[in-house]
Amino acid sequence: MKKTALYEVHKKLGARLIEFAGYMMPVSYKGIIAEHLKVRSSVGVFDVSHMGEIEFKGENALEMVQKVTINDASRLNEYKVQYSAMCYDDGGIVDDILVYRFPDKYLMVVNASNREKDFNWIIENKIDDVEIKDVSDFISLLAVQGPDSIKTLQKLTEINLDRIKYYHFTEAVLADRNVVLSRTGYTGEIGFEIFIPVEDSEYIWDKVFETGGKFDIEPIGLGARDSLRLEKKYCLYGNDITRYTNPLEAGLGWITKLEKGDFIGREALLKIKEKGINKKLIGYIAEGKAFPRKGYEIVKNGEIIGETTSGVFSPSLQKGIGVGYVKKEYSEIGTTFDVVIRKENIKAEIVKTPFL
């Protein structure tokens with residue numbers, strides 16, 4: 001079982017640790033709901049060092065990224081980030097990713113559970129004159145998220161953080177250490193993800209908590225990370241997108257640039273687009289206090305029309321929310337159906353997302 005560089009810190013803080021993607025990770029400290037609301041109201045810090053980072057260098061680095069991703073990386077200016085995905089030949093999703101363009105390289109951030117699989121897939125499709133390296137073990141990643149995140153971090157750097165736009169990043173000095181500051185996150189709040197050399201992990205963690213004390217900063221676990229992302233309907237690989245779903249039915253057509261030229265999965269996606277999708281990922285709110293979970297059936301007039309892929313009790317809305325795939329003919333906003341929760345049919349309605 002792997003441990004991040006901050007494992008001992010989490011233990012000292014009394015975190016409830018669980019196995020996740022091969023790592024021992026904190027799922028919660030004080031409690032998921034309290035941690036969720038802390039991020040929505042002030043500022044919290046996530047250790048997401050289990051995420052994977054893959055580096056592309058060389059003359060054909062861009063061509064390689066273009067080959068394996070569905071978005072158009074040629075549109076990336078330096079110090080810009082792009083949400084994208086990789087697909088198999090049949091259009092099924094390998095992973096959803098972020099692509100960073102540095103002056104001398106591209107960096108791909110991949111999901112922790114897919115790190116080895118993604119790297120092998122990339123190497124399997126490697127072209128000449130590109131150097132590909134998994135640099136995950138040399139990097140720690142902290143996500144500082146919430147309305148007070150900029151105020152917390154601003155005290156540690158001379159760079160004007162307000163001027164870094166969403167989905168942009170910069171190489172910076174933070175608390176006298178060299179880091180990468182990225183205006184990204186998985187919560188829907190203002191925030192930064194900080195790429196830190198492993199040896200500086202605890203030092204930066206301590207400095208962030210020192211300056212964030214004014215805002216009652218707290219550590220946040222993976223439990224709240226899941227509920228925060230779901231309120232924004234951000235996809236989770238393994239739940240909402242998988243090997244057996246494609247970007248078009250998952251609502252990721254906006255990152256699928258079929259016109260950019262050839263890439264792995266393009267021909268299959270062109271055929272799917274021409275034929276039309278059979279199912280669609282939707283978001284719904286359940287009645288009462290019951291909340292859905294992955295795998296719960298979606299039923300209308302006695303017919304199973306779909307299945308929940310992610311569900312949670314929303315601390316912000318105080319309602320059960322879920323996302324899942326339903327047959328396309330039942331995917332319009334305002335459509336009602338039942339969700340089978342613990343053998344009971346609970347009424348639900350498709351709503352416009354994000355939920356919050």
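How much length would be gained if the chain were fully extended between R177 and D89, taking 0.36 nm per residue of separation minus their Cα-Cα distance, in nm to one decimal? If you can, show how the numbers build up before the last one.
Working: separation 88, 0.36 × 88 = 31.68 nm, distance 4.24 nm.
Taking R177 through D89 to full extension adds about 27.4 nm, to one decimal.
Taking the Cα-to-Cβ direction at A34 and at F20 and moving 7 Å from each Cα, how far apart do the two end points lie in nm?
Output for this residue pair reads 1.8 nm.
Take the Cβ-Cβ distance between K271 and E199 as r, set R0 to 30 Å, and report the resulting FRET efficiency rounded to the nearest 0.05.
The calculated FRET efficiency here is 0.05.
Mind checking the full-extension length gain between S41 and E287? Use 0.36 nm per residue of separation minus the Cα-Cα distance, one decimal, nm.
Numbers: separation 246, 0.36 × 246 = 88.56 nm, distance 2.56 nm.
Using 0.36 nm per residue and subtracting the Cα-Cα distance, I get 86.0 nm.
Report the local net charge at E307: Lys and Arg +1, Asp and Glu -1, summed over other residues whose C-beta lies under 14 Å from its C-beta.
Details: positive: K279, K280, R293, K294, K300, K327; negative: D240, E249, E297, E303, D338.
That works out to +1.
At q = 0.13, 0.28 Å⁻¹, what log₁₀ I(q)/I(0) does a Debye calculation on the Cα points of the stretch 278-351 give, no solvent, two decimals?
-0.29, -1.42
With the alpha-carbon atoms as the only input, what is the per residue convex hull volume for the stretch 162-245 in Å³? Spell out each step's value before the answer.
On the way: hull volume 11.8 nm³, N = 84.
Dividing the Cα hull volume of the stretch 162-245 by its residue count gives 141 Å³.
Just grab the label-to-label distance for N345 and K57, each label 7 Å out from Cα along the Cβ direction, in nm (one decimal).
6.2 nm
Which values, in whole Å and largest first, are the semi-axes of the equivalent ellipsoid of the chain obtained as the square root of 5 times each eigenvalue of the Cα gyration tensor?
Details: eigenvalues 207, 159, 57 Å².
Ellipsoid semi-axes (Å, largest first): 32, 28, 17.
Hey, any idea what the orientation-averaged projected area of the convex hull of the stretch 197-305's Cα atoms comes to, in nm²?
On the way: hull surface 49.3 nm².
Average projection, Cα convex hull of the stretch 197-305: 12.3 nm².
Over the chain, what is the relative contact order in percent, taking alpha-carbon pairs closer than 8 angstrom and at least six residues apart? Don't skip to the end; give the middle numbers.
Numbers: 809 pairs, mean separation 62.3, N = 356.
For the chain, the relative contact order is 18 percent.
Where a number appears in this text, it was derived from the coordinates with a stated rule and is not lab data. Just so we're clear, the structure is a prediction, and the values are computed from it rather than from any experiment. Positions of Cβ are generated from backbone atoms using ideal geometry, with glycine treated the same way; all protein chains shown enter the neighbour counts.
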